1. In the stretch 191-215, what residues are surrounded by fewer than 14 Cβ atoms within 10 Å (Cβ to Cβ) and within 19 Å of Ile125 (Cα to Cα)?
2. Mind listing just one residue for me: the one in the stretch 97-116 that is among the hydrophobic types (A, V, I, L, M, F, W, C) and surrounded by 15 or more Cβ atoms within 10 Å (Cβ to Cβ) and, of those, farthest from Leu197 (Cα to Cα)?
3. For the stretch 174-190, name all the residues that are surrounded by fewer than 18 Cβ atoms within 10 Å (Cβ to Cβ) and without any contact (Cβ under 8 Å) to a residue 24 or more places away in the chain.
4. Does Ala137 meet the test of being part of a loop (DSSP other than H, G, I, E, B), exposed (fewer than 14 other Cβ atoms within 10 Å of the Cβ) and out of contact with any Phe, Trp or Tyr (no Cβ under 8 Å at 6 or more places or on another chain)?
5. I need the full set of residues from the stretch 138-168 which are among the aromatic types (Phe, Trp, Tyr) and either within 15 Å of the chain's Cα centre (by Cα) or closer than 21 Å to Leu127 by Cα (or both), in order please.
6. Only residues that are buried (at least 17 other Cβ atoms within 10 Å of the Cβ) and either at pLDDT below 95 or basic (Lys, Arg) (or both): list them for the stretch 62-96, please.
7. Scan Ala104, Ala118 and give me the residue that is in contact (Cβ under 8 Å) with a residue 40 or more places away in the chain, hydrophobic (A, V, I, L, M, F, W, C) and out of contact with any helix residue (DSSP H, G or I) (no Cβ under 7 Å at 6 or more places or on another chain).
8. Please identify the pairs in which a residue from the stretch 30-49 that is closer than 17 Å to Glu115 by Cα has its Cβ atom under 8 Å from the Cβ atom of a residue that is modelled with pLDDT under 80 and β-branched (Val, Ile, Thr), counting only partners at least 6 apart or on another chain.
Amino acid sequence: MLLRQMQSLLAGLYDAPVEHDAEDFLVSDPKRVRDMVGEPGSDEQVFVVEQDGEVRIGLFIDQRVLDRLGRQDPLDALNEDNLSDFCTALEGVSHFHYLIWSCARGRSVSLLELELQAEVDKYAIALALLTRQRAGAFPGGLHARMFDSVSFLPELDDVSRQRYQEANRHAARYCRLLDQRYLHPRRRQPEKWLAELRRFFRCGHQEKIRQLALA
């Protein structure tokens, strides 16, 4: 149920429901993924497989991640102990949700766009959860924790590493800008924060990058 709840949070945040449930496409056994598409590159992965003339999509999140989140539910209490696993699971759900939402509208999606949106999604959902769980108190250290204290898998090729680094850099700047504009204690305007997130979500790849360059 956790992934379904995460997807519901994303759908609600962006007012962007989709017809398909991430839970129904979940594969949590690395061996099954290995048999279908090869060795998974991380604990989460969205994969697309062409089979018998049809294109099929799947969402891999390692069962060990799901087990740990089952013992420490981040939707009840997000903290340092479960933040990493929360981000892993939400990133997979974000990729799935955004891909399905875009395909339903006949939109192509680049890998950079998927990663950029997932970075924004992880921060926005974590911020909303922590603010609620802390009785409205803004989690001031969250931005640095999520964007500065990051590392990348050593086996990544140069192209993939550059894509992840670019997505992290752009999302960090964008989320910081939104915090300063709309969530600063002296000018809190959460409704404008939400409206801007929804606008950004609906932008395509080039428009997202252009908006970030002008911000």
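The values are calculated or read from the model by the stated rules, or taken from the named source; none is laboratory data. The structure presented is a predicted model; accordingly, all values stated were derived computationally and were not measured. With ideal geometry, Cβ positions are generated from the backbone for all residues, glycine too; neighbour counts draw on all protein chains shown.
1. The answer is Glu191, Ala195, Arg198, Arg199.
2. Taking the stretch 97-116 as the starting set, the residues that turn out to be among the hydrophobic types (A, V, I, L, M, F, W, C) are 99-101, 103-104, 109, 111-112, 114, 116.
If we keep only those that are surrounded by 15 or more Cβ atoms within 10 Å (Cβ to Cβ) as well, we get 99-101, 103, 109, 112, 114, 116.
Numbers: Leu99: 17, Ile100: 18, Trp101: 16, Cys103: 20, Val109: 18, Leu112: 18, Leu114: 15, Leu116: 13 Å.
Residue satisfying both the conditions and the ranking: Cys103.
3. Within the stretch 174-190, the subset surrounded by fewer than 18 Cβ atoms within 10 Å (Cβ to Cβ) is 176-177, 179-181, 183-190.
Scanning the stretch 174-190 gives Gln180, Arg181, His184, Arg186, Arg187, Arg188, Gln189, Pro190.
4. Numbers: part of a loop (DSSP other than H, G, I, E, B): yes; exposed (fewer than 14 other Cβ atoms within 10 Å of the Cβ): yes; out of contact with any Phe, Trp or Tyr (no Cβ under 8 Å at 6 or more places or on another chain): yes.
So Ala137 passes the test.
5. Filtering the stretch 138-168 down to residues among the aromatic types (Phe, Trp, Tyr) leaves 138, 147, 152, 164.
Within the stretch 138-168, Phe138, Phe147, Tyr164 meet the criteria.
6. Asp62, Arg68 - these are the residues of the stretch 62-96 that are buried (at least 17 other Cβ atoms within 10 Å of the Cβ) and either at pLDDT below 95 or basic (Lys, Arg) (or both).
7. Numbers: Ala118 fails: out of contact with any helix residue (DSSP H, G or I) (no Cβ under 7 Å at 6 or more places or on another chain).
Unique residue meeting the criteria: Ala104.
8. As it stands, the answer is Phe47/Val37; Val48/Val55, since those pairs meet every condition given.
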